[in-house]
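Written below as structure tokens is the structure these notes are about.
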Amino acid sequence: MSIFQNYIDGRWASSDAATKNINPSNTDDIVGEYAHADKNQADAAIAAAVEASKSWRYSGIQQRFDILDTIGSEILARKDELGRLLAREEGKILPEATGEVVRAGQIFKFFAGEALRVQGEHLKSVRPGVEVEVTRGAVGVIGIITPWNFPIAIPAWKIAPALAYGNTVVFKPAELVPGSAWALSDIIARSGLPNGVFNLVMGSGREVGQAMLDDRRIDAVSFTGSVNTGGVVAASCSRRGAKYQLEMGGKNPLIVLADADIDNAVACALNGAYFSTGQRCTASSRLIVVAPVYDQFIEALKSKVENLIVGDALADGTQIGPVVDQRQLDQNIRYVDIGKEEGAELLCGGELLERETPGFYMTPALFTETSNKMQINREEIFGPVASVIKASDIDESISLANDTEFGLSAGICTTSLSAATKFKQECRAGMVMVNLPTAGVDYHVPFGGMKGSSYGSREQGRYAAEFYTTVKTAYVGA
Ligand code: ADP
């Protein structure tokens, strides 16, 4: 089996060590072997990005548009093949995986256009005869560190704006999903970028990731991942004064009011809590339901959850794929046990499941009789596990929704305009959804959270310019 290599300074670079990329739907299936970068390769990638930055920051916007547009076109043209690869290495079901690939292509196309639209300001000075210009320029070298749950979309929404605004990139994907990262890098490598503008280092967080955080030549770090690692990124970057942006966890609430369309509320809960095996930072893990519709809601949701088809991500008809790996599966089952010990009622699921092939399967779990104080309602589980919390009215629902360290996404199901308006105003989350699942966002508008979910400026859409550019104010005398 040939080894997929790292990409440094415009060349594919071999390494001594390699990692096996394992299919979570069938652990006998090895997706490929991927070279393991070490500190020296991280160092070489950073040096290449620094050198390339000297000219790439002044590159023309037509060139940037053409390159990003070319990358987007190839991703879209190969969506089926790349979708299969993503489903095979991460365990997301094929339609979701293909959808994610399409999203990545759309993001590159969007930022191709944004490269043409970089704006500045021209103002009069308060001093006669002096003019003021405010312009946005490249930050320099961006370190991009990504998690395993969106193996191509998250890299796309960081790499595309970084390049569009004239930055160079050192990209370190999650160890579990090098396949999509490598395929994306291969497309980028053939897009006409000068050597060193984009570099791929597939290595461990502890060695390669930490080396990136600590290296003064990296001007800014964009990170998505766990709360713990986010803390490490923050501490390391702030120690040396580097710019950083964090997207971390969520404990996203979905409120169901008495006037809701219950079928839609159940559909929103089912999608938000369980699709993508619950492995989305925007997943709805706390279902806050008011007393008058509580019984009706849980009965309807239970029957849907029990009928979800769990299986191989690549098989026709599968609705819920496997958990990504053994560690995450153990964590999910541990939280199911914690919920039971805390006195929650496990209405269904939460058990290991065997399928034809060896994989990390479990039945989607639904807890009732839970309180917002329970550990299962305070910590992010990151699996197909959701809890129902009973509330008396909208005020209590919103107060429960806000009673969390996190604030990424929040939803409400209601037919009342005033209830929806109150929720949108009072809910402390970066993204609020009305009659929609908490997960599922657009790519041309800001993505990000409040409180412990995020730090720094928003990602995606025009707002990405905040992170990937730096502002300069020029004063020009006569
Ligand atoms: P998860 O495993 O849930 O994706 P992590 O926060 O562990 O969440 O990982 C997200 C990304 O951060 C991965 O690419 C991982 O390799 C990287 N990472 C982990 N530890 C560090 C670290 N000390 N420094 C930099 N990056 C790290």
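The values are calculated or read from the model by the stated rules, or taken from the named source; none is laboratory data. The model shown is predicted, which means the values in this text are computed figures rather than measured ones. Positions of Cβ are backbone-derived with ideal geometry, glycine not excepted, and every protein chain shown enters the neighbour counts. Only protein heavy atoms, including side chains, enter the accessible area calculation; ligands, DNA and RNA are left aside. Shrake-Rupley method; radii C 1.70, N 1.55, O 1.52, S 1.80 Å.
Screening the stretch 11-41 for residues that are surrounded by 15 or more Cβ atoms within 10 Å (Cβ to Cβ) and of a type in the set (Gly, Ala, Ser) and picking the one that is farthest from Asp186 (Cα to Cα) gives Ser25.
Here the helices (runs of 4 or more DSSP H) wholly within the stretch 54-158 that include at least 2 residues being hydroxyl-bearing (Ser, Thr, Tyr) and surrounded by fewer than 19 Cβ atoms within 10 Å (Cβ to Cβ) are 61-77.
Leu85 - would you say it is touching a helix residue (DSSP H, G or I) at 6+ places or on another chain (Cβ under 6 Å) and under 23 Å from Gly461 (Cβ atoms)? Steps first, please.
Details: touching a helix residue (DSSP H, G or I) at 6+ places or on another chain (Cβ under 6 Å): yes; under 23 Å from Gly461 (Cβ atoms): no.
So Leu85 does not fit the description; no.
Among the residues of the stretch 295-312, those that are within 20 Å of Lys251 (Cβ to Cβ) and either open to solvent by less than 10 Å² (accessible area, probe 1.4 Å) or in contact with a Gly (Cβ under 9 Å, 6 or more places away or on another chain) (or both) comprise Phe297, Leu301, Val305. On the stretch given as the stretch 427-455, residues that are open to solvent by less than 50 Å² (accessible area, probe 1.4 Å), more than 17 Å from Phe108 (Cα to Cα), assigned to a loop (DSSP other than H, G, I, E, B) and out of contact with any Asp or Glu (no Cβ under 8 Å at 6 or more places or on another chain) total 6.
Given the structure, is Val118 away from the ligand (no atom under 14 Å from the Cβ), of a type in the set (A, V, I, L, M, F, W, C) and modelled with pLDDT of 95 or more? Walk me through how you get there before you give the answer.
Numbers: away from the ligand (no atom under 14 Å from the Cβ): yes; of a type in the set (A, V, I, L, M, F, W, C): yes; modelled with pLDDT of 95 or more: yes.
Criteria met by Val118.
One residue is enough: does the stretch 122-132 have a residue meeting the conditions farther than 27 Å from Lys54 by Cβ, within 16 Å of the ligand (Cβ to nearest atom) and touching a Gly at 6+ places or on another chain (Cβ under 6 Å)? The answer is no; no qualifying residue exists.
Scanning the stretch 174-182 turns up no residue that is open to solvent by 10 Å² or more (accessible area, probe 1.4 Å), out of contact with any Ser or Thr (no Cβ under 7 Å at 6 or more places or on another chain), of a type in the set (Val, Ile, Thr) and within 10 Å of the ligand (Cβ to nearest atom). Of all residue pairs spaced 6 or more apart or on separate chains, those with beta-carbon atoms under 9 Å, a first member in the stretch 359-388 that is assigned by TED's automatic domain parsing to the domain that holds Ile333 and farther than 15 Å from Lys304 by Cα and a second member that is crowded, with 21+ Cβ neighbours inside 10 Å and modelled with pLDDT under 95 are Glu379/Gly249; Glu380/Gly249; Phe382/Gly249. Just one of the listed residues (Ser276, Ser285) is within 16 Å of the ligand (Cβ to nearest atom), under 24 Å from the mean Cα position of the chain (by Cα), in a strand (DSSP E or B) and among the hydroxyl-bearing types (Ser, Thr, Tyr), namely Ser285.
Does Val201 satisfy being within 14 Å of the ligand (Cβ to nearest atom), open to solvent by less than 30 Å² (accessible area, probe 1.4 Å), of a type in the set (Val, Ile, Thr) and more than 17 Å from the chain's Cα centre (by Cα)?
Values: within 14 Å of the ligand (Cβ to nearest atom): yes; open to solvent by less than 30 Å² (accessible area, probe 1.4 Å): yes; of a type in the set (Val, Ile, Thr): yes; more than 17 Å from the chain's Cα centre (by Cα): yes.
When the stated conditions are applied, Val201 passes them.
Look at (1) surrounded by 19 or more Cβ atoms within 10 Å (Cβ to Cβ); (2) touching a residue at least 60 places away in the same chain (Cβ under 8 Å); (3) charged (D, E, K, R) and you find that Arg458 fails only one, number (2). When the stretch 307-330 is filtered for residues that are touching a strand residue (DSSP E or B) at 6+ places or on another chain (Cβ under 9 Å) and under 22 Å from Ala260 (Cβ atoms), only Leu308 remains.
Can you find a residue in the stretch 211-225 that is farther than 22 Å from Lys390 by Cβ, assigned to a helix (DSSP H, G or I) and either away from the ligand (no atom under 16 Å from the Cβ) or in the same structural domain as Ala344 (by TED's automatic domain parsing) (or both)? Reasoning before the result, please.
We begin by selecting, within the stretch 211-225, every residue farther than 22 Å from Lys390 by Cβ; these are 211-225.
Keeping just the survivors that are assigned to a helix (DSSP H, G or I) gives 211-214.
Now narrow it down to the ones that are either away from the ligand (no atom under 16 Å from the Cβ) or in the same structural domain as Ala344 (by TED's automatic domain parsing) (or both): none.
Checked the stretch 211-225: no residue is farther than 22 Å from Lys390 by Cβ, assigned to a helix (DSSP H, G or I) and either away from the ligand (no atom under 16 Å from the Cβ) or in the same structural domain as Ala344 (by TED's automatic domain parsing) (or both).
Taking every residue in the stretch 227-251 that is within 18 Å of Arg458 (Cα to Cα) and at pLDDT below 95 and pairing it with any residue that is acidic (Asp, Glu) and near the ligand (Cβ under 10 Å from one of its atoms), at least 6 positions away or on another chain, the pairs with Cβ-Cβ distances below 6 Å are Gly249/Glu380.
Please verify whether the stretch 293-308 includes one or more residues that are under 20 Å from Glu354 (Cα atoms), more than 16 Å from the ligand (Cβ to nearest atom) and either in contact (Cβ under 8 Å) with a residue 60 or more places away in the chain or part of a helix (DSSP H, G or I) (or both). Within the stretch 293-308, one or more residues are under 20 Å from Glu354 (Cα atoms), more than 16 Å from the ligand (Cβ to nearest atom) and either in contact (Cβ under 8 Å) with a residue 60 or more places away in the chain or part of a helix (DSSP H, G or I) (or both).
Per the conditions (1) without any contact (Cβ under 8 Å) to a residue 24 or more places away in the chain; (2) aliphatic (A, V, I, L, M); (3) more than 15 Å from Leu287 (Cα to Cα), the sole criterion not satisfied by Val434 is (3).
Can you pull out every residue in the stretch 346-383 that is among the charged types (D, E, K, R) and over 24 Å from the mean Cα position of the chain (by Cα)?
Of the stretch 346-383, the ones among the charged types (D, E, K, R) are 351, 354-356, 369, 373, 378-380.
Selection gives Glu351, Glu354, Arg355, Glu356, Glu369, Lys373.
The residues of the stretch 226-244 that are farther than 20 Å from Val139 by Cα and either crowded, with 19+ Cβ neighbours inside 10 Å or near the ligand (Cβ under 7 Å from one of its atoms) (or both), listed by number, are Ser226, Asn228, Thr229, Gly230, Val232.
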